[in-house]
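J.: What follows is a structure written as structure tokens; I'll ask about it next.
Read the figures in this text as sums done on the coordinates, not as results from a lab. Just so it is clear, the structure is predicted and the values come from calculations on it, not from any experiment. Ideal geometry is used to build each Cβ from the backbone, glycine not excepted, and the neighbour counts take in all protein chains shown.
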Ligand SMILES: [Zn+2]
């Protein structure tokens, strides 16, 4: 069985302080029929706030030009604004960092860690996993994890796939993550959609059993209502769902002791208008402009309401609660 990376990281304090608590990772069932195992219910649920730390135009430029361009200053100013909001609410979060942002703005990653937040990985170049081979994914992850560890002086225990691009709980990426020492993942969007999502998997934390050992999965928040699962974890859902419905959803999740994992992006906290200034834009570029600029202020407003009314923390803290 592979040992999680945490004990290998030199840190101050005694052994019990630096080694994160683990769920019951030894009760592994490796049969293909049983890929997942439910985790016990928590009696005092708190939720997890996660930030996908990426530049706003990475996906757009890759699609329209074939390259991702240089990481902008926008990601830095927006992240500072978000950090100040979290300080105001005395909330700590998990930042899933894209490696190229860390390379361009290393001092930003140091500051996030210094302000008490957890650093996780969101790959090196924000490529969907289905566009990579197993070997390419492993090589890129190995390098980016070392970079994030060095900058944050933290063990990197958590991962999120770009665009939730895992496809299935049987995907090879979970085995590779376990081999690389990751303890948990938060890439499963438990509602099927045309672009991503796994509709038939658990909607509360569970273990994925891989040939390399188990990894704990924290699916994005969803709400069981009217016989359906409704996504309530962030993104466009935070713009278009009425705040009264979100408040009801989170109240209901707490009553059921279901910890909610929500996600936001730094660009959703920008001021002004995000654009790259092309003179003759293609229609798909206009679509991206709308996606990155329309009603994004609602996300900050709704996040503030939820932070005020509920307890949020890092995913690592949630993970330790399953020990
Ligand atoms: Zn992303």
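J.: Over what distance in Å are the Cα centres of the stretch 212-268 and the stretch 82-145 separated?
T.: 21 Å
J.: Pick from 253, 306, 245: which is most flexible by mean-square fluctuation in a GNM of the chain where alpha carbon atoms under 10 Å apart are linked?
T.: The residue with the greatest mean-square fluctuation here is 245.
J.: For the chain, modelled as a GNM with alpha-carbon contacts under 10 angstrom, which of 134, 229, 195 fluctuates the most?
T.: With Cα springs under 10 Å in the chain, the top fluctuation among 134, 229, 195 is at 195.
J.: Between residue 170 and residue 293, what's the calculated FRET efficiency when r is the beta-carbon distance and R0 is 35 Å? Round to 0.05. Don't skip to the end; give the middle numbers.
T.: Values: r = 38 Å, r/R0 = 1.08.
Once the sixth-power term is evaluated, E becomes 0.40.
J.: How big, in percent, is the set of alpha carbon pairs in the chain lying more than 35 Å apart? List each step's numbers first, then the result.
T.: Values: 8111 of 52003 pairs.
Cα-Cα pairs of the chain separated by over 35 Å account for 16 percent.
J.: Continuing with this model, one more query. Between residue 46 and residue 81, what length comes free when the chain is fully extended (0.36 nm per residue of separation minus the Cα-Cα distance, one decimal in nm)?
T.: Numbers: separation 35, 0.36 × 35 = 12.60 nm, distance 2.40 nm.
Length gained, residue 46 through residue 81: 10.2 nm.
J.: Considering only the chain, what is the antiparallel percent among its DSSP beta bridges, to the nearest 5? List each step's numbers first, then the result.
T.: Numbers: 12 of 32 bridges.
The answer is about 40 percent antiparallel.
J.: What relative contact order, as a whole-number percentage, does the chain give when Cα pairs under 8 Å and 6 or more residues apart are counted?
T.: Numbers: 568 pairs, mean separation 87.9, N = 323.
Answer for the chain is 27 percent.
J.: Just to be sure I understand: with springs between alpha-carbon atoms less than 10 Å apart, which residue in 102, 199, 260 has the highest mean-square fluctuation in the Gaussian network model of the chain?
T.: Sorting by GNM fluctuation, first place goes to 199.
J.: Using only helices, what value at 222 nm comes out for the chain when you add -39,500 (n - 2.57) per DSSP H run of length 4 or more and divide by the total residues, to the nearest 500 deg cm²/dmol? List each step's numbers first, then the result.
T.: On the way: 12 runs with 117 residues, N = 323.
Estimated from H runs of four or more residues: -10500 deg cm²/dmol.
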